[in-house]
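All of the numbers you see were taken from the coordinates with simple rules; none came from a lab. Because the structure is a prediction, the values reported are computed rather than measured. Note that we place each Cβ from the backbone using ideal geometry, even for glycine, and neighbour counts take in every protein chain shown.
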Amino acid sequence: MRGVRNPSPGARFPAHVRVESAGGPYEVRLGAGVLDSLPLVLAEVAPASRYVVIADDVVDELYAERVATMLDAAGEPATRLCFPAGEASKTRETWARLSDAMLAAGCGRDCAVVALGGGVVGDIAGFVAATFMRGVPVVQVPTTLLAMVDASVGGKTGVDVPAGKNLIGAFHPPRAVVADPDTLRTLPLEQLRAGLAEAVKHGAIADADHLAWIEASREPLLAAEPAVLAALIRRSVEIKARIVMADEHEQGERRLLNFGHTLGHAIEAASGYRLLHGEAVAIGMVLEARLGERLGLTEPGTAEALRQLLDAIGLPTALPPAWDATTVVAATRTDKKAHAGRVRYALLRRPGEGLGEEAGWAVAVADEVLVQVLASEG
Ligand SMILES: NC(=O)c1ccc[n+]([C@@H]2O[C@H](COP(=O)([O-])OP(=O)(O)OC[C@H]3O[C@@H](n4cnc5c(N)ncnc54)[C@H](O)[C@@H]3O)[C@@H](O)[C@H]2O)c1
Ligand SMILES: [Zn+2]
């Protein structure tokens, strides 16, 4: 990979990354300690008569008390709601329970939701906010690396259903994102790694320098050194923000963010959600890079370069042994990216560059080709 550049020379924190959205502009506020500014941020961008702080039970235990106390001290009444942690909770049932609890607590159109947690909380609390009384504001407060670099930005919300991941949902951009890397101190290492998978994705589709920097910085990243994590988050958010601003509703360039995800979602679902989202995406990226090479669209060596980097981070890079390729391929067919019967894949041209507009951002691939790629040893 190409030369290493500091992704944030002289970067100052807190950093504010501005995102333009059809629902209005919002800022990603990033930096150690920014959580303390939450009451001010809420008063500024989402004034409400009541705040509903939604977390999963792990995050509720760790951070919700602190957030509720801060809001209380600022004279901003808060109601805490939580649900069991894990992807298995990202369902219509949880959405219904949270929405009913808000109704029972007397929340009206003048409430606002604070999504406090990882991507599961962000997606489901965002969807609750998108639909409650036809839409109330949400402020995203991501507490996993994955949610900081990816899920909290861009406005996609939703739930999983038996037919597949994220198939029911809405675009509902946040009024602000408040990302405090101090909250990552409590995050388990496997979750940190899963978040790095999405940062690798950002480098892979749009920024070879980011990719090289991650490779060079992986030791301090895995040691969760705050300054290095903050630099990583900032660059990834900048990349994601740029792409989302160019194409908020995924008519074009935003499809690139699905690199590794068409197979990744299928693998995640086929594992019964035992693989973490980021782990499934790591496998998906390697296999989709290999698919691109087989189709002659991706520079040879790309899949191996990605495999080495993900492996060095400690992420899985191949399907678990004994897995049947046809089961995974069958699972891709419910993906939203399916179009006229063929599933579309956002592929790379080379590390740091996705297929461009001239290739339609994503290409339709026949199931047979996919089975060959999955079944081959690589
Ligand atoms: N909307 C989007 O654009 C988008 C983008 C990427 C991923 N996603 C979604 O995000 C989800 C994955 O997100 P995730 O990886 O954050 O999973 P997650 O929300 O399940 O969090 C992972 C685990 O970490 C725990 N946790 C969270 N913060 C913690 C902290 N600070 N300290 C200790 N433990 C903590 C949680 O309780 C959970 O057990 C998937 O459902 C995926 O589809 C959405
Ligand atoms: Zn993802």
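Odds and ends about this structure:
- The chain: calculated mean residue ellipticity at 222 nm from DSSP helix runs of at least 4, using -39500 (n - 2.57): -12500 deg cm²/dmol
- Mean separation of Cα contacts under 8 Å (6+ apart) over length of region 117-184, as relative contact order %: 38 percent
- Highest average packing first - 166-175, 350-359, 280-289, Cβ atoms within 10 Å: 280-289, 166-175, 350-359
- Full extension of the chain between Asp72 and Asp57 gives 3.3 nm of extra length, using 0.36 nm per residue less the Cα-Cα distance.
- Dipole axis of region 118-228 (+1 Lys, Arg; -1 Asp, Glu on Cβ), positive-most option in Gln191, Val149, Val178: Val178
- At R0 = 35 Å, FRET efficiency that the Cβ-Cβ distance of Ala312 and Ser21 yields, to 0.05: 0.50
- DSSP-defined beta bridges in the chain - what % are antiparallel, rounded to 5: 45 percent
- Note on the chain: GNM, Cα springs under 10 Å; of Leu192, Leu62, Leu222, the largest mean-square fluctuation is that of Leu62.
- Packing, as the average of other Cβ atoms within 10 Å across residues, places the peptides 198-210, 130-142 in the order 198-210, 130-142, highest first.
- Net charge dipole size for the chain [Lys, Arg +1 and Asp, Glu -1 on Cβ; Debye, nearest 20]: 520 debye
- Simple Cβ-charge dipole of region 20-61, Lys/Arg +1 and Asp/Glu -1, about Cα centre, in debye nearest 20: 220 debye
- Think of region 31-78 as having a plus end and a minus end, set by charges on the Cβ of Lys, Arg, Asp and Glu; of Ala55, Val45, Leu71, Val45 sits farthest toward the positive end of this dipole.
- Dividing the convex hull volume of the alpha carbon atoms of region 179-271 by its residue count gives 112 Å³ per residue.
- Spin-label model distance (nm) - Glu357 vs Ala170, 7 Å beyond Cα toward Cβ: 3.1 nm
- Relative contact order computed over the chain (Cα-Cα under 8 Å; 6+ residues apart), in percent: 16 percent
- Once the gyration tensor of the Cα atoms in region 35-168 is diagonalised, the equivalent ellipsoid follows with semi-axes of 22, 16, 13 Å, ordered largest first.
- Cα long-axis angle, helix 261-270 against the chain (0 to 90 degrees, to the nearest 10): 80 degrees
- Arg274 versus Glu299: modelled label distance in nm, points set 7 Å from Cα along the beta carbon direction: 3.8 nm
- FRET efficiency, 1/(1 + (r/R0)^6) with R0 35 Å, evaluated for Arg134 and Asp36 via beta carbons: 0.60
- Overall shape of region 58-109 was characterised from the C-alpha gyration tensor. The equivalent ellipsoid obtained from it has semi-axes of 22, 17, 6 Å, in decreasing order.
- The C-alpha atoms of the chain define a longest principal axis, and helix 119-131 lies at about 60 degrees to it.
- The label point for Gln251 and the one for Ala163, both projected 7 Å from the Cα toward the Cβ, are 2.5 nm apart.
- Once you divide the Cα radius of gyration of the chain by 2.2 N^0.38 Å, the number left is 0.95.
- Each Lys and Arg Cβ is given +1 and each Asp and Glu Cβ -1; about its Cα centre, region 284-373 then shows a dipole of about 200 debye.
- Lacking any other cysteine beta-carbon closer than 4.7 Å, the following Cys residues of the chain have no compatible partner: Cys82.
- Against the main long axis of the alpha-carbon atoms of the chain, helix 277-294 sits at an angle near 30°.
- Working ranking of peptides 49-59, 260-270, 178-188 by packing, defined as the average number of other Cβ atoms within 10 Å per residue, highest first, is 260-270, 49-59, 178-188.
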